[in-house]
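Participant: Submitted below is the structure of interest, expressed as structure tokens.
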Amino acid sequence: MSFYGVELGSRLLLGTARYPSPAVLAEAIKASKAEVVTVSLRRESGSERAGQAFWSLVRELGVRVLPNTAGCHSVKEAVTTAHMARELFDTTWIKLEVIGESDTLQPDVFGLVEAARILSEDGFEVFPYTTEDLVVADRLVEAGCRVLMPWGAPIGSARGLNNVYGLKSLRAHFPDIPLVVDAGLGVPSHAAAAMEMGYDAVLLNTAVAEAGDPVAMARAFALAVEAGRIAFLAQPLEPRDMAAPSTPVIGKAALGD
Amino acid sequence: MRIFLNDEVRDVDAGTLATALDVLGFGGRKIATAVNGRFVAATARPGTKLADGDRIEVVAPMQGG
């Protein structure tokens, strides 16, 4: 699997927020085997050092970073944040979030397409956090996106895949674009379901970070992602309405009346 | 000169963004900057003159999802 020409072995992308401690974060990343972690940027005063310490930790882990524009509600804000992230993290990758609604953190897809176009033209490699809407996805690809990241469910909701039909349609419509289910996953079976559908990867954060044992949950997700991928390649059965006996009936002994 | 650093009023004696960042304790730190909502690259900080009332944003790496 590759994103913008970068080959990756792991199909699990992990967020770095909300862990009980930096040490647990580091162990969870290792247990997840993620090669890409999402990061963000926030204000820092002259006396604070939290950001510097976090950056040292990420660098020591040797993982690739995908900075986000979390919390941005306008195109201008998202574009400026992306520029700051490109310099700060020395990468052209950007997880583009333009939030349109505060209860669901649903993307403002109109602003998202506009920001994606501006950033793509400026040399960014955009990972748009979007909905499963096919037309929006088309517009994002036209704007220059070579990866799409539809939500499974609202960020942090742990609801899993809210619109399986929509996600399947998106997969069928874009067979050659890497698709990542981003946000809303709660348990490893959600990740496995996304992978069984043929999604290329999943991105999650809260489901691991806020689990009772984040390190064990990171490992569980890693296994689920791998299992789901193998299952997809093995071509799963289509569901049917009626029973189909798995044990052959021919040659069965006649023991009844 | 009175400027706003991440929305907080500060009095700094600095003509450029680079000098202001040094005075405010950001020297040698991994940060990114914007002035009045516009991104200012690190290489452009010495040439970015500040005026009274300018709004400076200084951000650093942080955990994110």
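Participant: One residue is enough: does the range A:68-79 have a residue meeting the conditions more than 19 Å from B:Val59 (Cα to Cα) and outside any loop (DSSP other than H, G, I, E, B)?
Facilitator: no
Participant: Does the range A:24-31 contain at least one residue that is within 30 Å of B:Ala20 (Cα to Cα) and at the interface with chain B (Cβ under 10 Å from one of its Cβ atoms)?
Facilitator: No, the range A:24-31 contains no residue that is within 30 Å of B:Ala20 (Cα to Cα) and at the interface with chain B (Cβ under 10 Å from one of its Cβ atoms).
Participant: Provide a single number: the residues in the range B:22-65 that are within 21 Å of A:Phe54 (Cα to Cα), touching a residue at least 24 places away in the same chain (Cβ under 8 Å) and not in a loop (DSSP other than H, G, I, E, B).
Facilitator: Total satisfying the criteria: 7.
Participant: List pairs: first in the range A:155-182 and closer than 16 Å to A:Arg229 by Cα, second modelled with pLDDT under 95, Cβ under 7 Å, 6+ apart or cross-chain?
Facilitator: Sorted first by the residue in the range A:155-182, then by its partner, the pairs are A:Pro178/A:Met1.
Participant: Kindly establish whether A:Val39 is within 14 Å of chain B (Cβ to nearest Cβ), hydrophobic (A, V, I, L, M, F, W, C), within 30 Å of B:Phe4 (Cβ to Cβ) and without any contact (Cβ under 8 Å) to a residue 60 or more places away in the chain.
Facilitator: It is true that A:Val39 is within 14 Å of chain B (Cβ to nearest Cβ), hydrophobic (A, V, I, L, M, F, W, C), within 30 Å of B:Phe4 (Cβ to Cβ) and without any contact (Cβ under 8 Å) to a residue 60 or more places away in the chain.
Participant: Using the structure shown, decide if A:Ser47 is at the interface with chain B (Cβ under 7 Å from one of its Cβ atoms) and not in a helix (DSSP H, G or I).
Facilitator: When the stated conditions are applied, A:Ser47 passes them.
Participant: Restricting the search to the range A:24-53, which residues are surrounded by fewer than 18 Cβ atoms within 10 Å (Cβ to Cβ) and farther than 26 Å from B:Ala32 by Cα?
Facilitator: Matches in the range A:24-53: A:Val24, A:Glu27, A:Lys30.
Participant: Still on this structure, I have one more. For the range A:80-97, how many residues meet the condition of being closer than 15 Å to A:Ser120 by Cα and in a loop (DSSP other than H, G, I, E, B)?
Facilitator: 3
Participant: Still on this structure, please answer the following. Name the residues in the range B:5-44 that are under 21 Å from A:Val79 (Cβ atoms) and either of a type in the set (Phe, Trp, Tyr) or more than 11 Å from chain A (Cβ to nearest Cβ) (or both), would you?
Facilitator: B:Leu17, B:Phe39 - these are the residues of the range B:5-44 that are under 21 Å from A:Val79 (Cβ atoms) and either of a type in the set (Phe, Trp, Tyr) or more than 11 Å from chain A (Cβ to nearest Cβ) (or both).
Participant: Within the range A:124-165, work out how many residues are over 16 Å from the mean Cα position of the chain (by Cα) and outside any loop (DSSP other than H, G, I, E, B).
Facilitator: The initial filter retains those residues of the range A:124-165 that are over 16 Å from the mean Cα position of the chain (by Cα), namely A:124, A:133-136, A:138-144, A:165.
Next, only the ones that are outside any loop (DSSP other than H, G, I, E, B) stay: A:134-136, A:138-142, A:165.
The number of residues fulfilling the criteria is 9.
Participant: Still on this structure, please answer the following. Hey, among A:Ala115, A:Ala70, A:Ala78, A:Ala82, which residue is small (Gly, Ala, Ser) and either touching a Lys or Arg at 6+ places or on another chain (Cβ under 6 Å) or within 17 Å of A:Phe3 (Cβ to Cβ) (or both)?
Facilitator: A:Ala82
Participant: Can you tell me how many residues within the range A:194-223 are touching a strand residue (DSSP E or B) at 6+ places or on another chain (Cβ under 9 Å) and either at negative phi or not in a loop (DSSP other than H, G, I, E, B) (or both)?
Facilitator: Matching residues across the range A:194-223 total 16.
Participant: Still on this structure, I have one more. Select from the range A:58-81 the residues that are in contact with a strand residue (DSSP E or B) (Cβ under 8 Å, 6 or more places away or on another chain) and over 23 Å from A:Ala34 (Cα atoms) and list them in ascending order.
Facilitator: Passing the criteria: A:Gly71, A:Cys72, A:His73, A:Ala78, A:Thr80, A:Thr81.
Participant: Starting from residues that are of a type in the set (A, V, I, L, M) and assigned to a loop (DSSP other than H, G, I, E, B), keep the ones in the range A:1-42 and report whichever is farthest from A:Val58 (Cα to Cα).
Facilitator: Selected residue: A:Met1.
Participant: Does B:Arg2 fit the bill of being of a type in the set (Lys, Arg), surrounded by fewer than 17 Cβ atoms within 10 Å (Cβ to Cβ), out of contact with any Leu (no Cβ under 9 Å at 6 or more places or on another chain) and within 11 Å of chain A (Cβ to nearest Cβ)?
Facilitator: Criteria not met by B:Arg2.
The values are calculated or read from the model by the stated rules, or taken from the named source; none is laboratory data. Fair warning: this is a prediction, and the values are worked out from it, not measured in the lab. Neighbour counts run over all protein chains shown; Cβ positions are idealised from the backbone, glycine included.
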